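Right, one structure below, let's go through it.
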């Protein structure tokens, strides 16, 4: 136990109790009771349940709108009910495109028609379900029929287009082919369209999740030559959820945009393919060799083109309104029924989804079952628990987003925190989320034993960090996007966590027909030991949040983290400045041209605008004031708080995260309200912290950067005021 | 012109002359004459000669001992004679193994017999010469007949075996398969044998010089699936040259070791193969996946083994004494006939060798021809020029080594400097060598115009350095081994240079049947512009050394460089110390085990011995004294030196490099005398500077490291004394 946590909440601990028995947010007596409760809870967890439920839930493909998906939702609802929950299904009618026509062919200089079909493999009957398997496609690609020369654009991210510019290669009027990975997939067609391309193909290079990584399925876990990653390409960094109902629930009678107006459908057609289908296309390219770092694992020389390869891409979708079934299971709190601790995991999958999402879903279910058992034995949670099984996560976090939008006001009043899980597997504990929860999560991670190594999952995670050059601190990563926490934290400003195990569960099955039960039990989490570990970890966190005397938020670690983000941005400005100076000097000296090979494409680089000095002092001063407030808060003796004051304190703690949002949201994407965390506009899932400022700096929009500095400083000042109110209470 | 070179030699320049007309080592008047001479020299160079000579010399395979090789030597001799040189052929009888039997087969779990034959390609008649092509093999592999399980060892260098140790994989009694590159090839069987392997296969992975790098021959320059790199695996870091006559010339009646005693023949059989032949072998391996960085460009999952792949390797060689023909062409100096400036390039090749070595050979010949023309017009060199065309370089620098060993005493008395060239191509000027010559080479590089970009080759080279993150200084790289400069600098202690152009001439033809004239003129140096640039550069350097009033050696840059090497070693000790401390702490914390995947091979790392503090002060003090002497030397006014004193000064300058050697040589390899530069014992070609100290530190042999510090300090003190004698003269 470090000195840092002998503060604020530790004051709740009565004299005479042992340090190791303290838990953030609990009085000494209640800490003991809570620890006993958690031990009992852990003892109730049974891996056999996870196993049999996975077999049940992943028996057939169950994307949103399928009969099997509906059955799954109803079955999950019944399970919750049997465990003592008040469980209902809330339905939204969302736009979901199913592919009617998919055609991709090489038309010049030779011909090849893409197979677009993954093969069934021996030992895995699920892969042989034929027409029941969802055809491989990218949801929310627009319809299209285009033919043009092909250009290889590596991962199709901004720095790849910078490289193409250096080589004098333009994708205007072309069809691009990009590798999966390097960014969230939706960035690839978004950026390609911005650059003038008229079509986009995405393929899985064997270097990223095929034979280069390991033996392919069925011998090993990685992608065989026919596997195709499905996935949404909706412009989620603008807003996730139903494309026709931005910012409000897609209820039956909601007003809807026309499809043609929906800004988050791609501008150009996009199709994912296997590396078997990609190889003839890539091999038919000529022109400049791709830069070294672009070259993948296919046995070919990777050229960029454009051409002589020419391809024809034709796509049509059915664009139907489809019901999405969210299962919402509630167990009313015994003391604070209007304070909710929420848990969620989606239930829809692209195909069978044994790993994604069922491995997380069954851990959540086992957690809910055990919590139900505790309740039956008289240990009802003090706060209300809400367990959610979301539908339509895969096409764009749609089930959760519509539900959050629909219930936003109530949630902002009541929800203490939202704890998300998704696919899970063998390996190391990784947690992301609101940094006010970091100290509590760290404490819980210290009390969960790793099933393989017998030390705490915190200790094992830190060991891995140290071996990989990291430090000895347990840290939450910052949340970008990629799962159902997004509407909670980014849009509603509710403190959130995303929990999971992994790192020893690598494979190439993601969003393919190979994400099946046989694959899962061989390569992902044999025996479901880490499924149980996840239920154990998430359940303890849920129970602590549910039963804490004072909500277990801690702001010193929060402050360190946010100060670190601010420093990163300031440092990046300095780095950019010296890089621009060096670049301009080298342009003046003409060294780029002199160093280039005259037989290869080369575009003489231009001088760049000097990087101005921004005034970061508003943020620095706001963080300075916050530091003082947080120090004061941490030293206050709150052990003798009246119930009334504790209630007021908890009310303010519950709303603290929301104070970090701004109603007007981020520039050009007002759906994103949080001022500390957002998915990057050009990364998609990858987080940008202090996003208003950081993205303006990265885009070299200096006017906006200064405005966003002021805005962020304002948010931080409000936060300071909010915390000062807590000080005033005590 | 920087301030640095306004010293010592600059004092030779008469007042009133312009700075830009000064040349290191020349009086003002003579500088002008020399510059005019060099301009005339440059105007005589004709690319057509290089072209037609390459066609002549690379028309047939001509490894040592071939009829065509002998004819080439005789033809080269005649050319020199026709240009006014006294040219003779000096012959040595060397042991050279030709393959009688080569068999490699996969025997388990399936069978495959390696083809061991590269295919003829369209558009290149030379590749269709069938039986006339030398079979692919590694010269100085021992005979052998072994069968064992296969283990993939990446590049087969020391750090790869460290990695295998971490994985608990032993190569004892196995046959290893290693990729080419990562070290000089001879290190691979040497290290494999030290680790207990009984056979070694080396293959060219397409990632290193095949399709991953670019289109393969004949479409592009890179290695097609059948190409095999030949090459020597003699233990050259112990001694190069004839394996039976270490340290003395392999003359007709020389005493010879028995073959069984020759320490530089490999201990285990070794065979190079193509990636077509390697793929079935590698694909048949199982066991642990190779670490990420080991994986190559073949479309397979790279496993390490051992087994289940089992291979049978059988090799027999003829082990005959073979005549090696060195062509030695002399043009007597008009003023200082007993001071020799030497130039050399080898003429033997593995197959046709259009690039290696003929591209360098024809540049040397054109240089010699133009110098001959100058002489005929009355501009005879003041010092004697010796142009050499070495035989038997490919099997182990044999021709040059035997000649240097045979004439060592005379050479140490007479040779001012040896200037080496070898394969050459389009791109950037790169020069390695004795750092006392750096200032002079830099000056010459500033006067040669790059054929593509119209700036000096120095400016272009610095541009490339800057773009690649380097600095603005022109620097010589330090010489390790890999061409015929080795006996001169490493063994005889003669100041040496190695010159060439490249970087825009990449390909996979090295030591294959594809290193032909058609390949060369398409991919290496179309129009021979860089062949002429090399003749221009090397010729100017040769002529400056030949005609200088005072030999153009400069010691301030030398001192900076050598001090830099010493600092590197001291820093590396500090780095090792903190790494060992960190490692031991992590072992104590057991983080390696906690971070490891229990389902994968893992050997718990042991604590390492703490790194002791060495006493570097003897080197530091010696370098300190040298700094003072060199500063004094650089400030002395030598413009009014008598001829007698100038002669004495030149005599001492001529011998300066030799003072940097020690007769007893390096530990365990006394052939290597130089104390500043040596090829690494475990890198082969790659240089180790201050090798006695550096290698002892790298091997953590602290006792020897301290001894070598004292020894190096003694060498530096001797050098200081030698330079002080020059000061005394002036």
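Table: residues versus (1) touching a strand residue (DSSP E or B) at 6+ places or on another chain (Cβ under 9 Å); (2) farther than 25 Å from residue B:506 by Cβ; (3) assigned by TED's automatic domain parsing to the domain that holds residue B:119; (4) surrounded by fewer than 23 Cβ atoms within 10 Å (Cβ to Cβ).
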site: B:194; (1), (2), (3), (4): no, yes, yes, yes
site: B:205; (1), (2), (3), (4): yes, no, yes, no
site: B:223; (1), (2), (3), (4): yes, no, yes, no
site: B:233; (1), (2), (3), (4): yes, no, yes, no
site: B:238; (1), (2), (3), (4): yes, yes, yes, yes
site: B:248; (1), (2), (3), (4): no, yes, yes, yes
site: B:255; (1), (2), (3), (4): no, yes, yes, yes
site: B:258; (1), (2), (3), (4): no, yes, yes, yes
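Only residues that are more than 13 Å from every other protein chain (Cβ to nearest Cβ) and under 21 Å from residue B:519 (Cα atoms) were counted in the stretch B:180-218, giving 2.
Is one or more of the residues making up the stretch B:250-262 closer than 20 Å to residue B:684 by Cα and assigned to a loop (DSSP other than H, G, I, E, B)?
The first filter runs over the stretch B:250-262 and keeps only residues closer than 20 Å to residue B:684 by Cα, leaving B:262.
Applying the additional criterion that residues be assigned to a loop (DSSP other than H, G, I, E, B) yields B:262.
Within the stretch B:250-262, one or more residues are closer than 20 Å to residue B:684 by Cα and assigned to a loop (DSSP other than H, G, I, E, B).
Working carefully through the options A:263, A:246, find the one that is without any contact (Cβ under 8 Å) to a residue 60 or more places away in the chain and under 25 Å from residue A:691 (Cβ atoms).
None of the others qualify; the one that does is A:263.
Within the stretch A:422-479, being within 14 Å of chain B (Cβ to nearest Cβ) and in a strand (DSSP E or B) holds for A:427, A:428, A:429, A:430, A:449, A:456. Of the candidates A:642, A:625, A:670, the single residue that is away from every other protein chain (no Cβ under 14 Å) and modelled with pLDDT under 95 is A:642.
Got a sec? Which of B:530, B:565 is in contact (Cβ under 8 Å) with a residue 40 or more places away in the chain, assigned by TED's automatic domain parsing to the domain that holds residue B:48 and in a helix (DSSP H, G or I)? Exactly one of B:530, B:565 is in contact (Cβ under 8 Å) with a residue 40 or more places away in the chain, assigned by TED's automatic domain parsing to the domain that holds residue B:48 and in a helix (DSSP H, G or I), namely B:530.
Within the set B:482, B:500, B:425, the sole residue that is within 28 Å of residue B:527 (Cα to Cα) and out of contact with any helix residue (DSSP H, G or I) (no Cβ under 9 Å at 6 or more places or on another chain) turns out to be B:482. Checked against (1) more than 21 Å from residue B:520 (Cβ to Cβ); (2) surrounded by 22 or more Cβ atoms within 10 Å (Cβ to Cβ), residue B:165 passes all but condition (2). Against the list (1) at positive phi; (2) in a strand (DSSP E or B), the condition residue A:123 fails is (2).
Which one is nearest to residue B:428 (Cα to Cα) among residues in the stretch A:589-598 that are part of a loop (DSSP other than H, G, I, E, B) and within 7 Å of chain B (Cβ to nearest Cβ)?
Initially, the stretch A:589-598 is screened for residues part of a loop (DSSP other than H, G, I, E, B), giving A:590, A:596-598.
From what is left, the residues that are within 7 Å of chain B (Cβ to nearest Cβ) are A:597-598.
Working: A:597: 10, A:598: 12 Å.
Only one residue tops the list, namely A:597.
Per the conditions (1) more than 20 Å from residue B:238 (Cβ to Cβ); (2) touching a helix residue (DSSP H, G or I) at 6+ places or on another chain (Cβ under 7 Å); (3) surrounded by fewer than 22 Cβ atoms within 10 Å (Cβ to Cβ), the sole criterion not satisfied by residue B:700 is (2).
Across the stretch A:126-146, the number of residues qualifying as outside any loop (DSSP other than H, G, I, E, B), in contact with a strand residue (DSSP E or B) (Cβ under 8 Å, 6 or more places away or on another chain) and more than 16 Å from residue A:189 (Cα to Cα) comes to 0.
Confirm whether residue A:185 is part of a loop (DSSP other than H, G, I, E, B), within 26 Å of the chain's Cα centre (by Cα) and either touching a residue at least 60 places away in the same chain (Cβ under 8 Å) or surrounded by fewer than 23 Cβ atoms within 10 Å (Cβ to Cβ) (or both). Yes: the conditions hold for residue A:185.
Check the stretch A:225-232 and report whether any residue there is in a loop (DSSP other than H, G, I, E, B) and within 14 Å of chain B (Cβ to nearest Cβ). Step through it out loud before you land on a result.
Pass one, the stretch A:225-232, residues in a loop (DSSP other than H, G, I, E, B): A:225-230.
Those left that are additionally within 14 Å of chain B (Cβ to nearest Cβ): A:225.
Yes: the stretch A:225-232 contains one or more residues that are in a loop (DSSP other than H, G, I, E, B) and within 14 Å of chain B (Cβ to nearest Cβ).
One residue is enough: does the stretch B:38-50 have a residue meeting the conditions modelled with pLDDT of 95 or more, assigned to a helix (DSSP H, G or I) and under 30 Å from residue B:139 (Cα atoms)? Yes: the stretch B:38-50 contains one or more residues that are modelled with pLDDT of 95 or more, assigned to a helix (DSSP H, G or I) and under 30 Å from residue B:139 (Cα atoms).
Could you please let me know if residue B:574 is surrounded by fewer than 18 Cβ atoms within 10 Å (Cβ to Cβ) and more than 13 Å from every other protein chain (Cβ to nearest Cβ)? Break it down into steps so the answer makes sense when it comes.
On the way: surrounded by fewer than 18 Cβ atoms within 10 Å (Cβ to Cβ): yes; more than 13 Å from every other protein chain (Cβ to nearest Cβ): yes.
Yes: the conditions hold for residue B:574.
When the stretch B:599-615 is limited to residues that are in contact with a helix residue (DSSP H, G or I) (Cβ under 8 Å, 6 or more places away or on another chain) and within 14 Å of chain A (Cβ to nearest Cβ), the one that is farthest from residue B:693 (Cα to Cα) turns out to be B:602. So which residues in the stretch A:284-299 are over 34 Å from the mean Cα position of the chain (by Cα) and facing another protein chain (nearest Cβ under 10 Å)? Correct list: A:286, A:289.
Name the helices (runs of 4 or more DSSP H) wholly within the stretch B:619-730 that hold at least 2 residues that are touching a strand residue (DSSP E or B) at 6+ places or on another chain (Cβ under 8 Å) and free of Cβ contacts under 8 Å to residues at least 40 places away in the same chain? In the stretch B:619-730, the matching helices (runs of 4 or more DSSP H) lie at B:691-698.
The values are calculated or read from the model by the stated rules, or taken from the named source; none is laboratory data. Bear in mind that the values here come from a model prediction, so they are computed numbers and not experimental data. Every residue, glycine among them, receives a Cβ derived from its backbone with ideal geometry; neighbour counts consider all protein chains shown.
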